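I have placed the structure first, in the form of structure tokens, so that the comments after it can refer back to it.
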Amino acid sequence: KKNPSRPLVNCSRVGIPGLEAAHIWISIPFTVFYFISLLGNFTVLFVVGKEQTLHKPMYLLLCMLALTDIGMSTSVVPKALCIFWFNLKSITVGDCLTQSFLFHMVSAIQSAVLVIMAFDRYVAICNPLRYNTILTNARIVKLGLVGLTRAVLVMLPGPLLLIRQPFCGNHIIPHTYCEYMTMVKMSCGDITFNRTYGVVIAFVGIGLDLTLIALSYGLIIRTVIRMSSKKDHQKALKTCTAHICVIVISYTSILFTILINWFNQGAVLHVHIILANLYFLVPLMLNPIIYGVKTKEFRDIVALTVQSSPSSRIEQTSLRLRKLETGKLLSPRSSPMPATQRGRQGFPATRRGHQGSPRARYPEELPVLPWPDYPEELPELPSSSGATSPCSWTLKRPTSGPR
């Protein structure tokens, strides 16, 4: 017999309970963080895709991390802004499970990318001579596909099992997005397996990735300690700074959100929801900034791209024109020299070289010398015997060619 509560029903997301009147003001930092995240991550993708010198394993991993940041924020923030701006709280159970699956799947992919980046740093520091052999672009792409496949296979059974459960009673979701455990609590069937599956997947997946990252950095630290040069110590640790910062920010927020959602039921609800939203807002905004600041090659190319943009060239041209109109832009030869650079021994306007010897002054423009007026044809030179020399020749004036 079919359960009358079995068909899919609509759910209602409250947003941030207790702060409904301040939703408009809360949406301002949401919007700012979201657009900064999109701008930074799309900048990473554009610069790496355009610059051929950045087609390296490290920057391919950076592009993967940028894609996961864009996917994670886009799966949550637009619907949250619809709640804050237009009060669109209704969502079907199917859409809610889809959002939960996409969010957790992209989170698992991001965790896999961080593991691959830790392995990249291990090879770069512990085995640098074989780095280009071990980590090629094709191998990085294959590792990324493995991480994607793992995330899909691990996260897909949860929503498929949950959608078979009957949903009844209260369909209000006290959150800005759909969490898997929140959907589990809405079901009125036997959710023992679903709850256990969610807890095991979360802790086993995150625990395994953290173990691999800790193993990589343990080997890195052992290699750094064996280095004899202090300069090599600093250089090796400097290459890992950005990755360590991203790991600390990402995993700290993930673990804190899981723990407070499952084990600390006495926490203030709106504080819990705000912290959960900060998990996918702040780290996703900081990731491209951290890598952009810490990676010198990437930073230099971004600065060069900005300087060579059409708007920058137009601005520089207009600035030069304004200076020309005001008479402030002089050529290097005609610009007055400061008194400290003038000579002392009868050379009032010449620069002084080493040991006080003045440099030679050259004219602004060299004079054009006229072409010598040769006769059209020179006479043959007679030999000593009066006969014409066999080696005689005729010179003719050239009629064309550069002077």
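Taken together, the criteria exclude Thr182 from residues that are part of a loop (DSSP other than H, G, I, E, B) and within 20 Å of Ile254 (Cβ to Cβ). Looking across the stretch 123-159 at every residue that is within 30 Å of Lys231 (Cβ to Cβ) and either modelled with pLDDT of 95 or more or of a type in the set (A, V, I, L, M, F, W, C) (or both), the one that is nearest to the chain's Cα centre (by Cα) is identified as Ile140. Among the conditions (1) crowded, with 18+ Cβ neighbours inside 10 Å; (2) in contact (Cβ under 8 Å) with a residue 60 or more places away in the chain; (3) within 20 Å of His55 (Cα to Cα), Ile173 misses just one, which is (3).
Residue pairs whose Cβ atoms lie under 6 Å apart, sitting 6 or more positions apart in sequence or on different chains, and linking a residue in the stretch 9-35 that is at negative phi to a partner that is aliphatic (A, V, I, L, M) and part of a strand (DSSP E or B), are Cys11/Ile91; Cys11/Ile173; Ser12/Ile172; Arg13/Ile173.
Within the stretch 91-110, the only residue that satisfies the criterion of being hydroxyl-bearing (Ser, Thr, Tyr) and either crowded, with 24+ Cβ neighbours inside 10 Å or over 30 Å from the mean Cα position of the chain (by Cα) (or both) is Thr92. Pairs meeting the criteria (first residue in the stretch 112-126 and of a type in the set (Phe, Trp, Tyr), second residue buried (at least 20 other Cβ atoms within 10 Å of the Cβ), beta carbons under 7 Å, at least 6 apart or on different chains) are Phe119/Ser216; Tyr122/Ser216; Tyr122/Ile220. Annotation: of all residues in the stretch 67-114 being of a type in the set (S, T, N, Q) and not in a helix (DSSP H, G or I), the one that is farthest from Leu208 (Cα to Cα) is Asn87.
For the stretch 189-204, filtered to residues that are in contact with a helix residue (DSSP H, G or I) (Cβ under 9 Å, 6 or more places away or on another chain) and not hydrophobic (A, V, I, L, M, F, W, C), the residue that is nearest to His104 (Cα to Cα) is Gly198.
Restricting attention to helices (runs of 4 or more DSSP H) lying wholly within the stretch 120-163, give those where 2 or more residues are of a type in the set (S, T, N, Q). Outline the logic, then answer.
On the way: elements: 131-134, 137-155, 157-162.
Ranges flagged: 131-134, 137-155.
Residue by residue through the stretch 248-269, note down the ones that are at pLDDT below 80 and surrounded by 18 or more Cβ atoms within 10 Å (Cβ to Cβ).
In the first step, residues of the stretch 248-269 are kept if they are at pLDDT below 80; the result is 253-269.
If the condition is that a residue be at pLDDT below 80 and surrounded by 18 or more Cβ atoms within 10 Å (Cβ to Cβ), then Ser253, Ile254, Thr257, Ile258, Asn261 are the ones that fit.
Evaluate the following for Leu88: is it over 19 Å from Asn10 (Cβ atoms), out of contact with any His (no Cβ under 8 Å at 6 or more places or on another chain) and surrounded by fewer than 19 Cβ atoms within 10 Å (Cβ to Cβ)? Judged against the criteria, Leu88 is not a match.
Select, from Ile249, Ile254, Ile258, Ile301, the only residue that is within 24 Å of Asp69 (Cβ to Cβ), part of a helix (DSSP H, G or I) and more than 25 Å from the chain's Cα centre (by Cα).
Values: Ile249 fails: more than 25 Å from the chain's Cα centre (by Cα); Ile254 fails: more than 25 Å from the chain's Cα centre (by Cα); Ile301 fails: more than 25 Å from the chain's Cα centre (by Cα).
Sole residue among the options that is within 24 Å of Asp69 (Cβ to Cβ), part of a helix (DSSP H, G or I) and more than 25 Å from the chain's Cα centre (by Cα): Ile258.
If you go through the stretch 211-242 and keep only what is small (Gly, Ala, Ser) and either at pLDDT 90 or above or under 11 Å from Ile125 (Cα atoms) (or both), you end up with Ala214, Ser216, Gly218, Ala236.
Closer than 19 Å to Asp209 by Cβ, aromatic (Phe, Trp, Tyr) and surrounded by 14 or more Cβ atoms within 10 Å (Cβ to Cβ): is that true of Phe167 in this structure? The answer is no for Phe167.
For the stretch 265-298, the set of residues classified as part of a helix (DSSP H, G or I) and of a type in the set (Ser, Thr, Tyr) consists of Tyr279, Tyr291, listed by residue number.
Just checking, which of Leu45, Leu60, Leu65, Leu39 is closer than 19 Å to Thr295 by Cα and either touching a Cys at 6+ places or on another chain (Cβ under 7 Å) or of a type in the set (Lys, Arg) (or both)? Reasoning before the result, please.
On the way: Leu60 fails: either touching a Cys at 6+ places or on another chain (Cβ under 7 Å) or of a type in the set (Lys, Arg) (or both); Leu65 fails: either touching a Cys at 6+ places or on another chain (Cβ under 7 Å) or of a type in the set (Lys, Arg) (or both); Leu39 fails: either touching a Cys at 6+ places or on another chain (Cβ under 7 Å) or of a type in the set (Lys, Arg) (or both).
Exactly one residue qualifies, and that residue is Leu45.
Please indicate, with yes or no, whether at least one residue in the stretch 41-61 is assigned to a helix (DSSP H, G or I), over 30 Å from Gly144 (Cα atoms) and without any contact (Cβ under 8 Å) to a residue 60 or more places away in the chain. There is no residue in the stretch 41-61 that is assigned to a helix (DSSP H, G or I), over 30 Å from Gly144 (Cα atoms) and without any contact (Cβ under 8 Å) to a residue 60 or more places away in the chain.
The values are calculated or read from the model by the stated rules, or taken from the named source; none is laboratory data. All values derive from a computational prediction rather than experimental measurement. Every residue, glycine as well, gets a Cβ built from its backbone with ideal geometry; the counts of neighbours run over all protein chains shown.
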